[in-house]
Amino acid sequence: MNNSINRIHAPILIALSLIIGILFSRPLYMDYLDTRSRESRLEAEYAQSESEYQKLVALQATFASQSGATELSKKVEKIHQKWSDASIMSAVMLNEYTKGSDYINPKVVISNISLDPGKKLPSGLSLGTVNITLSADSIDRMVEYLTYLTTNSPYIFTLDTIDLPISAPSQRETGTIGISVALGVYYYE
């Protein structure tokens, strides 16, 4: 009889111990799975961050090695100037389009120039205004001059307003036409 009781109790005890073992080890197993998924997610985030960091280091090395040769750094150099009436007037009035000589008239004649330092923008830059009146023998010359100012001058000029119609009061006499232009000037102060 003792042997038959052991045969009945043994499977029950084994089943109970398995159930109790599963109940106690399940939370540990779930913690293990959570830790493994968190670890794989963190490894993926680390790999992505490392990749982005390497890209930034390469970009920084590119900027450092080219020493201002990129277009972005050239624009930053143009903006990184303070407002100076003399420098701005020099950029507007002393260039290949406005210089003449004893025998050659300038391509563009500038008159009625006024400068306004403007105001500081929320971005930290400042925006000033240069009002000028241009005279030239053709509209193409004016367009070339304005293109020069907005692309190749030492400041960042923007074309704010052009007063139309283009005036040609003395076109028969001198062959010139005139236009009033307001230019924006971005600078950092």
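The values are calculated or read from the model by the stated rules, or taken from the named source; none is laboratory data. Keep in mind it's a predicted model, so treat the numbers as computed, not measured. When we count neighbours, we look across all protein chains shown, and the Cβ atoms used for this are built from the backbone with ideal geometry, even at glycine. Quick note on the areas: whole protein, heavy atoms, side chains included, nothing else; ligands and nucleic acids left out. Shrake-Rupley method; radii C 1.70, N 1.55, O 1.52, S 1.80 Å.
Quick one: if the Förster radius is 22 Å, what FRET efficiency do V76 and S114 give, using the C-beta to C-beta distance and rounding to 0.05? Given R0 = 22 Å and the Cβ-Cβ separation, E is 0.20.
Rolling a 1.4 Å probe across the protein heavy atoms gives the chain an accessible surface of 72 Å² per residue. For the chain, the number of Lys pairs with C-alpha atoms closer than 16 Å, counting only pairs eight or more positions apart or on separate chains, is 4. Taking the Kirkwood radius as Rh and the Cα radius of gyration as Rg, the chain has a ratio of Rg/Rh equal to 1.64. Electrostatic bookkeeping for G184 treats Lys and Arg as +1 and Asp and Glu as -1; over the other residues with beta carbon under 11 Å from its beta carbon, the sum is -2. Taking 7 Å steps out from each Cα toward its Cβ at A86 and I104 produces label points 2.8 nm apart. For Q81, the amide hydrogen comes within under 5 Å of the amide hydrogens of Y188, counting only partners 5 or more places away or on other chains and with H modelled in the peptide plane. Using the rule -39500 (n - 2.57) for each DSSP H run of four or more residues, divided by the residues of the chain, the 222 nm mean residue ellipticity is -18000 deg cm²/dmol. Here the Karplus relation 6.51 cos²θ - 1.76 cosθ + 1.60, evaluated at θ = phi - 60°, turns the backbone of region 95-108 into coupling constants of 8, 5, 7, 9, 7, x, 9, 4, 9, 10, 6, x, 5, 9 Hz, with x for every Gly and Pro. Relative to the current alpha-carbon distance between I12 and Y188, full extension at 0.36 nm per residue lengthens the span by 54.9 nm. Here each label is just a point 7 Å from Cα along the line to Cβ, and for E45 and L164 those points are 5.6 nm apart. Residues in region 45-52 carry Karplus couplings, in order, of 5, 5, 4, 5, 5, 5, 5, 5 Hz; the curve used is 6.51 cos²θ - 1.76 cosθ + 1.60 with θ = phi - 60°, and Gly or Pro positions show x.
By accessible area, using a 1.4 Å probe on protein heavy atoms only, region 45-158 has 56% of its surface on carbon and sulfur.
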